[in-house]
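Enquirer: Below: one structure in structure tokens.
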Amino acid sequence: MVIPNLHYKDLKDSYLFFKISQKIKAYLEEHPGARLYRLGIGDVSLPLCDAVIQALHEAVDDQAEAETFHGYMPECGAPSLRETIATHYASRGVNLSSQDVFVSYGASDELGDILDLFDRSNTTLVIEPAYPAYVDANVMGGRKIVHLASGKENGFLPQPDNSLEADIIYICSPNNPTGAVFSREQLQAWVDYANRAGAIILFDAAYEAFIEDADLPRSIFEIAGARTCALEICSLSKTAGFTGTRFGYTVIPQELSRYGMNFNDMWVRNRTTKTNGVSYILQKGASAVFTPLGQRQIRENIKVYKQNATYLMRTLDKLAVWYCGGKNAPYIWLECPSDMTSWEFFDYLLQEIQVIGTPGAGFGTCGEGYFRFSTFGNPEDTKEAAERLYALLSRR
Ligand code: PLP
């Protein structure tokens, strides 16, 4: 009889968003028609920009004519798009070859699939609070997981020390859920650790486009030594509103090798075996993001989310509530007032001001006592939510 992957039994129920939806449902049953202010979602709310829409339409039309029709695309991405993405990195001072770049259907797919390149005996380090997929993908793979807790004392940006034993290291900067961003020096410490230990960093850059401070690194490859110890997974989901359209890219430098095996070559072999490429339509749509017009238009959308962050940060500043994130990230991570647990604070906001956020405890035990606001919502609702939050917490 077939033996299923028994590691699935080790997965914890992913009840965070389920529990939130149950609580909202119960509230609406008690208060029919109540207006809710949703700052919990990690999804974007603005549509794709015009440059992308136009490119997608053109790509659909191309598929209607024999002369312009495209069948299977190259598994690692259209050469011109790989080149475009490498040039995009060059504009930020990171030199990549187009062969270092692989196009994908998004970061989630890659974060799971990339584990094919690593033996099951490796130990995985997850810095917590964390995006839950890191832990779950490694549980499914049967790997040992080391949880490195972070907290207010280190601004949710922990540093490696020599007691750590890890082979695969997840770093997400700007971070989901904390919005914290590693400085150049802090990332350098991780890169130095990985090179010393022979470990590999899986750098999740899904939120890099939200960094506005010029001295903060947007790519791990801005850090000296990263080409021999890191790969980077990126996505247009939050950068350009592709959550439902799907597009991402992964950078694996050709220098990245262990035990005489080259990870770039292995990934080429993996993609050419397990995929038949990203659709022509999506690659053409994604290409438009990297044009000057596309860049200007996606910046307009990001500006809207940043305005949402400003409403919330000003409110928390006035209330003297501790938080991180917001300025260089689309998430704001705050300390729950009056020693409330994160679920108590969730209930309090829902019942008193109909504002919904995400309890920090859902992102790992060290997230207890903290709370995440997303800035991806509608601006009027976010402004109203910030005003309600001020009115509620200023009278305590
Ligand atoms: N990485 C992080 C940290 C995320 O928060 C998300 C989505 O919310 C993803 C990856 C997944 O992105 P994608 O939509 O490209 O699969």
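The values are calculated or read from the model by the stated rules, or taken from the named source; none is laboratory data. For clarity, every value in this text was computed on a predicted model and none was experimentally measured. FYI the Cβ positions are ideal-geometry reconstructions off the backbone, even for glycines, and counts take in every protein chain you see.
Enquirer: Please work out which residue is nearest to the chain's Cα centre (by Cα), limiting yourself to the stretch 101-121 and to residues that are part of a loop (DSSP other than H, G, I, E, B) and within 16 Å of the ligand (Cβ to nearest atom).
Expert: Here the answer is Gly106.
Enquirer: Sticking with this structure for a sec: Please verify whether Asp204 is touching a residue at least 12 places away in the same chain (Cβ under 8 Å) and surrounded by fewer than 24 Cβ atoms within 10 Å (Cβ to Cβ), treating the condition exactly as stated.
Expert: no
Enquirer: Quick check: anything in the stretch 168-175 buried (at least 18 other Cβ atoms within 10 Å of the Cβ), within 16 Å of the ligand (Cβ to nearest atom), of a type in the set (S, T, N, Q) and free of Cβ contacts under 8 Å to residues at least 60 places away in the same chain?
Expert: Here is the first cut: in the stretch 168-175, the residues buried (at least 18 other Cβ atoms within 10 Å of the Cβ) are 168-175.
Narrowing the set further to residues that are within 16 Å of the ligand (Cβ to nearest atom) leaves 168-175.
Going one step further and asking which of them are of a type in the set (S, T, N, Q), we end up with 173, 175.
Then drop every residue that is not free of Cβ contacts under 8 Å to residues at least 60 places away in the same chain, which leaves 173.
Checking the stretch 168-175: at least one residue is buried (at least 18 other Cβ atoms within 10 Å of the Cβ), within 16 Å of the ligand (Cβ to nearest atom), of a type in the set (S, T, N, Q) and free of Cβ contacts under 8 Å to residues at least 60 places away in the same chain.
Enquirer: So, in the stretch 90-104, of the ones that are surrounded by 22 or more Cβ atoms within 10 Å (Cβ to Cβ) and not aliphatic (A, V, I, L, M), which residue ends up nearest to Ala286 (Cα to Cα)?
Expert: Checked the stretch 90-104; the qualifying residue nearest to Ala286 (Cα to Cα) is Ser104.
Enquirer: Same structure, new question: Can you find, within the stretch 12-31, the residue that is modelled with the lowest pLDDT among those that are under 21 Å from the mean Cα position of the chain (by Cα) and surrounded by 11 or more Cβ atoms within 10 Å (Cβ to Cβ)?
Expert: The residue in question is Ser14.
Enquirer: Would you check which residues across the stretch 230-278 are farther than 22 Å from Val60 by Cβ, charged (D, E, K, R) and out of contact with any Lys or Arg (no Cβ under 9 Å at 6 or more places or on another chain) and list them?
Expert: Correct list: Glu232, Lys238, Arg258, Asp265, Arg269, Arg271, Lys274.
Enquirer: Separate question: Of all residues being assigned to a loop (DSSP other than H, G, I, E, B) and within 17 Å of Thr365 (Cα to Cα) in the stretch 152-175, which is nearest to the chain's Cα centre (by Cα)? Just the residue, please.
Expert: Asn175
Enquirer: Hey, any hits in the stretch 295-318 for a residue that's outside any helix (DSSP H, G or I), within 22 Å of the chain's Cα centre (by Cα), surrounded by fewer than 21 Cβ atoms within 10 Å (Cβ to Cβ) and not aliphatic (A, V, I, L, M)?
Expert: So far as the stretch 295-318 goes, no, none of its residues is outside any helix (DSSP H, G or I), within 22 Å of the chain's Cα centre (by Cα), surrounded by fewer than 21 Cβ atoms within 10 Å (Cβ to Cβ) and not aliphatic (A, V, I, L, M).
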